Structure formats: structure tokens, C-alpha cells
1. Could you please find all residues in the stretch 132-164 being among the β-branched types (Val, Ile, Thr) and either open to solvent by 70 Å² or more (accessible area, probe 1.4 Å) or at positive phi (or both)?
2. Where the second residue is part of a loop (DSSP other than H, G, I, E, B) and charged (D, E, K, R) and the first is within 18 Å of Leu125 (Cβ to Cβ) and lies in the stretch 88-111, which pairs have Cβ atoms under 6 Å and are six or more apart or on separate chains?
3. Starting from residues that are modelled with pLDDT of 85 or more and among the small types (Gly, Ala, Ser), keep the ones in the stretch 21-41 and report whichever is farthest from Asp101 (Cα to Cα).
4. Filter the stretch 159-195 down to the residues that are outside any loop (DSSP other than H, G, I, E, B) and free of Cβ contacts under 8 Å to residues at least 12 places away in the same chain, then identify the one that is farthest from Ile108 (Cα to Cα).
5. Kindly establish whether Ile6 is open to solvent by 30 Å² or more (accessible area, probe 1.4 Å), within 18 Å of Phe113 (Cβ to Cβ) and among the aliphatic types (A, V, I, L, M).
Amino acid sequence: VVNATINAVNLNFKPDNIFVESKGVVLSNNIKLNAIIKNNLVPPYVIEDIDLKLKDLNINKFTEAIKEFESDLYRSKENSTTAENIDVSQLIINNAKINADTIQVKNINAEDFSSTLSLNKEMNLDINDFKFKLAEGIVNGSIKYNFPTQNANILVHMKNSNAQIMADTLFNIQNQIYGSVTGDVELNCNAKTQESCTKTLTGNGYFIVE
């Protein structure tokens, strides 16, 4: 069960589109959502535009919720012969913009997150041009995920991040590395589960400490 409270929803139905405005709290994240949905409520469901603003984007809580959802879905399939799969192929997102004041991933805290997102009819999820401030520097990149193959590709560029903060945060190495870090990383894996991603992980990268 997802912990969510919707404080306000406004739906404006037009001949071609449905305009949605909403505010609420999802997994302890305050959100403000504006969306334009095609007024044709038969599959595939087409979302023309999404503008999502969050005060705090806690990826850890979203990851935990997804794992719980997958477990609940598996149990429902085991206990019912009529359980239906969530069919991502019935959803198309042409354009989505996501902005957050702060973002937390594992034990990493960052600021000023922004990204665009799309999901096409071939079920390719593209998270493009993500950007955030981390350890006094800038991180940007992209994530591509194919739902049928479950293959994920991640490109990350880091510029002028504080080496001491990064070493302490990521590797618990304190007061041994100084300067600023700049580098690029490309990773690929089968992202069905965290374990499968670890086993199939390939990629390359480099970092320069100045």
C-alpha cells in the first residue's frame, strides 16, 4: 500500500484533452502535479505533458515502495488465477518535467534536481538531461530503460564535486582525498532486480581529481 494523501484535485475536461491539477503527499514527498491527458480513455492512455514539482525527492522511499508493490503483486498472482499484470504498454508519456528542491539516494543528498522523461509505445523509458548539485559540484546525465528486455543504460557526468565529501559519503573514506572530482561513467545491466543488475553490470568510466 502506497502512503499517499491527495489534498486537492482539479479536472478540466475539454474535447481533446483532460487538464489535471493536483497537490498532495506521496511517500512523505510533497508534490504538485499538472498534467495534460488525451481525452480518449481507451488503451493506450496518452499523457501529453506532465509538470511535477517536489520539495524533497526521496528515491529510497520510492524504491522500497516499488519492492513492496512487486511483492504484493506476486502474492496476488499466486493466490488468484484472475490477477492481471500491470501493462506498461498501455501507457504513453510524451513529455514529463520533474523538479525537486532536494533529492536523496542511499546516503547521498543533493539539491536542485531537474529532469525530463518520456515513455514511448515500444516501452522505452528515457530519463533525459537529469541534473543536480552534489558535493559542491554538478552531476548530469541520462537513464534509458527498456521494459521488455529490462535492460538499463546509465550515463553520468560529474564536474567539480568535492572529492573529500564524495569519498566520505560513498566509501566512508575520511580526510584522505582532497580537491575536486570531474569524470564520466557509463553503465549497463539487466535491471530486473538489484541482484541481476549487480551480476550483469558492465561499463567504463574515469575520474580526475584536481
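The values are calculated or read from the model by the stated rules, or taken from the named source; none is laboratory data. Predicted model only: the values in this text are computed from it and were never measured. Virtual Cβ from ideal backbone geometry, glycine too; neighbours counted across all protein chains shown. Ligands, DNA and RNA are stripped out before the accessible areas are found, and what is left, the full protein with its side chains, is counted by its heavy atoms. Shrake-Rupley method; radii C 1.70, N 1.55, O 1.52, S 1.80 Å.
1. The answer is Thr149, and nothing else.
2. Listed pairs, sorted by first residue: Ile92/Lys121.
3. The initial filter retains those residues of the stretch 21-41 that are modelled with pLDDT of 85 or more, namely 21-24, 31-40.
Checking the rest, the ones that are also among the small types (Gly, Ala, Ser) come to 22, 24, 35.
Numbers: Ser22: 18, Gly24: 16, Ala35: 20 Å.
It comes out as Ala35.
4. In the first step, residues of the stretch 159-195 are kept if they are outside any loop (DSSP other than H, G, I, E, B); the result is 159-171, 180-190, 194-195.
Checking the rest, the ones that are also free of Cβ contacts under 8 Å to residues at least 12 places away in the same chain come to 167-168, 171, 194-195.
On the way: Ala167: 11, Asp168: 10, Phe171: 11, Gln194: 18, Glu195: 21 Å.
If we take residues in the stretch 159-195 being outside any loop (DSSP other than H, G, I, E, B) and free of Cβ contacts under 8 Å to residues at least 12 places away in the same chain, then Glu195 is farthest from Ile108 (Cα to Cα).
5. Working: open to solvent by 30 Å² or more (accessible area, probe 1.4 Å): yes; within 18 Å of Phe113 (Cβ to Cβ): no; among the aliphatic types (A, V, I, L, M): yes.
The answer is no for Ile6.
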